[in-house]
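Since the structure comes first, as structure tokens, the remarks are kept for the end.
The values are calculated or read from the model by the stated rules, or taken from the named source; none is laboratory data. Please read these numbers as outputs of a predicted model, since none were measured by experiment. Here Cβ is always computed from backbone atoms with ideal geometry, including for glycine, and neighbour counts include all displayed protein chains.
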Amino acid sequence: MNKDRKTVFSGVQPSGNLTIGNYLGAIKNFSRFSEEYKTFYCVVDMHAITVRQVPAELRRRTYETLALYMACGLDEKKNTLFVQSHVPEHAELGWVLNCYTMFGELSRMTQFKDKSAKHAQNINAGLFTYPTLMAADILLYQTDLVPVGIDQKQHLELARDIAMRFNQVYSETFTVPEGYIPTDTMKIMSLAEPTAKMSKSDTNQNAVVYILDSKDDIMRKFKKAVTDSDAEVRYSEDKPGVSNLMTIYRAFTNKTFDEIEREFSGKGYGDFKAAVGEACADGLAPVRDEFARLIADKAHLESVMKAGADEAHYYAMKTMSKVKRKIGFVN
Ligand code: TRP
């Protein structure tokens, strides 16, 4: 396939409010690709319905997620920003790829195991085949690079396996994608239980810092963050609370762990937590302001998603017609 630029694709679900884990682990990185790559950033509403959603909230969050993309620095003129359900080829290719994905492979997905434990009353087929839809998202655009958080690594591996398998059977059809998984921020952990991932669906409001939290909320949450009893700001595996705060502080200030240890040597956790809160709130302030401006203009957001869907649809159709021809569907 002739491409003048390599392609980047990523997706965010419009479910729940996004956390600083989503921000530092994925979204913050998205804008760095805009110049060099052809970039597609998708609001994956079809993935969101694998767990029950309140319709009005799903609709509202779809707008919000798009606005948040833009507030995090994604210029709609330099990036294709769109909503998954607006481009029917995602569902179409998703079905096809289901037929090239093994039951055993899907059974091994840790996110499926986690989610089916959490939503035991609704272990639907969509939850099970979620990774094949994600593979379709990626492969539809002949994606080279997929920036995602570390929690999506297994799904990405599966997308690569599916692409290679399909190519093996039908000759070169899909670009085999690579992940772009920032290891320097690693996982951001819960502030209340620092051995567990910070999750947007956590019911403990003090455990999670949302991108759109007010400064007061951010300061309060960091103040309450769980640490330990040795009163020493030092990065260490046996100090998960302090290490997590250091990771967050490093991400917002670009200071190294050594610098941070020196900065707070001899000081108490109170000072340290306040500094982390300040750095986080200051870092997020421009995003919050820009979001407020964007979300007030629905018509503009609608024109962005419409233009994005038109653009995405053009590329999606190209891949889909190739797939149909290779499989043996009558044109
Ligand atoms: N599964 C991803 C998540 O929950 C969202 C997603 C869906 C995605 N399709 C994608 C991410 C394609 C990257 C590429 O975070």
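If you check Asn17 against the conditions, is it surrounded by fewer than 21 Cβ atoms within 10 Å (Cβ to Cβ) and in contact with a strand residue (DSSP E or B) (Cβ under 8 Å, 6 or more places away or on another chain)?
Numbers: surrounded by fewer than 21 Cβ atoms within 10 Å (Cβ to Cβ): yes; in contact with a strand residue (DSSP E or B) (Cβ under 8 Å, 6 or more places away or on another chain): yes.
Spelling it out, Asn17 is indeed surrounded by fewer than 21 Cβ atoms within 10 Å (Cβ to Cβ) and in contact with a strand residue (DSSP E or B) (Cβ under 8 Å, 6 or more places away or on another chain).
I'm checking my understanding of the structure. Among residues of the range 186-208 that are charged (D, E, K, R) and touching a residue at least 24 places away in the same chain (Cβ under 8 Å), which one is farthest from Thr247 (Cα to Cα)? Among those residues, the one meeting the criterion is Lys200. Determine which single condition Glu278 fails, assuming it passes every other condition in (1) surrounded by fewer than 18 Cβ atoms within 10 Å (Cβ to Cβ); (2) over 17 Å from Ala251 (Cα atoms). Exception for Glu278: condition (2). Under 7 Å between Cβ atoms, at least 6 apart or on separate chains: pull out the pairs that start in the range 47-76 with a residue that is closer than 15 Å to Ala299 by Cα and end on any residue that is of a type in the set (Phe, Trp, Tyr) and buried (at least 18 other Cβ atoms within 10 Å of the Cβ). From the range 47-76, the pairs are Ala67/Phe291. Put simply, of Thr183, Thr101, Thr175, Thr129 the only residue that is of a type in the set (Val, Ile, Thr), touching a helix residue (DSSP H, G or I) at 6+ places or on another chain (Cβ under 9 Å) and modelled with pLDDT under 95 is Thr183.
Screening Thr195 against (1) among the polar types (S, T, N, Q); (2) assigned by TED's automatic domain parsing to the domain that holds Ala26; (3) more than 16 Å from the ligand (Cβ to nearest atom) leaves a single unmet condition, (2).
Any residue at all in the range 162-174 that's in contact with a strand residue (DSSP E or B) (Cβ under 9 Å, 6 or more places away or on another chain), buried (at least 16 other Cβ atoms within 10 Å of the Cβ) and on the phi < 0 side of the Ramachandran plot? Among the residues of the range 162-174, not one is in contact with a strand residue (DSSP E or B) (Cβ under 9 Å, 6 or more places away or on another chain), buried (at least 16 other Cβ atoms within 10 Å of the Cβ) and on the phi < 0 side of the Ramachandran plot, which makes the answer no.
On the basis of being assigned by TED's automatic domain parsing to the domain that holds Leu97 and surrounded by fewer than 20 Cβ atoms within 10 Å (Cβ to Cβ), does Lys239 make the cut? Give the derivation first.
Values: assigned by TED's automatic domain parsing to the domain that holds Leu97: no; surrounded by fewer than 20 Cβ atoms within 10 Å (Cβ to Cβ): yes.
When the stated conditions are applied, Lys239 does not pass them.
Within the range 32-41, the residues that satisfy the criterion of being closer than 21 Å to Val287 by Cα, away from the ligand (no atom under 11 Å from the Cβ) and in contact with a strand residue (DSSP E or B) (Cβ under 9 Å, 6 or more places away or on another chain) are Arg32, Phe33, Ser34, Thr39.
For Gln142, the criteria (1) on the phi > 0 side of the Ramachandran plot; (2) not in a loop (DSSP other than H, G, I, E, B) hold in every case but one, which is (2).
Of all the residues in the range 1-28, those that are in a helix (DSSP H, G or I) and within 12 Å of the ligand (Cβ to nearest atom) number 5.
Condition first: among the charged types (D, E, K, R), out of contact with any Lys or Arg (no Cβ under 8 Å at 6 or more places or on another chain) and at pLDDT 95 or above. Now tell me which residues in the range 38-56 satisfy that.
Initial filter on the range 38-56 (among the charged types (D, E, K, R)): 38, 45, 52.
Narrowing further to those that are out of contact with any Lys or Arg (no Cβ under 8 Å at 6 or more places or on another chain): 45, 52.
Residue satisfying the conditions is Asp45 alone.
Within the range 226-273, the set of residues being aliphatic (A, V, I, L, M) and at pLDDT 95 or above comprises Val226, Val233, Val242, Leu245, Met246, Ile248, Ile260. Scanning the range 220-235 for residues that are surrounded by fewer than 18 Cβ atoms within 10 Å (Cβ to Cβ) and under 12 Å from Pro194 (Cβ atoms) yields a count of 1. Residues in the range 128-140 that are surrounded by fewer than 24 Cβ atoms within 10 Å (Cβ to Cβ) and either more than 17 Å from the chain's Cα centre (by Cα) or not assigned by TED's automatic domain parsing to the domain that holds Glu105 (or both): Phe128, Thr129. With respect to the conditions (1) aliphatic (A, V, I, L, M); (2) closer than 30 Å to Asp4 by Cβ; (3) in contact with a helix residue (DSSP H, G or I) (Cβ under 8 Å, 6 or more places away or on another chain), Ile123 falls short on a single one, namely (2). Look at the range 109-132: where a residue is of a type in the set (A, V, I, L, M) and a partner is more than 12 Å from the ligand (Cβ to nearest atom), sitting 6+ places away or on another chain with Cβ atoms under 7 Å, you get Ile123/Ser116; Leu127/Ser116.
Test Tyr249 against the criterion of being buried (at least 16 other Cβ atoms within 10 Å of the Cβ), over 27 Å from the mean Cα position of the chain (by Cα) and without any contact (Cβ under 8 Å) to a residue 60 or more places away in the chain, and give yes or no.
Working: buried (at least 16 other Cβ atoms within 10 Å of the Cβ): yes; over 27 Å from the mean Cα position of the chain (by Cα): no; without any contact (Cβ under 8 Å) to a residue 60 or more places away in the chain: yes.
So Tyr249 does not fit the description; no.
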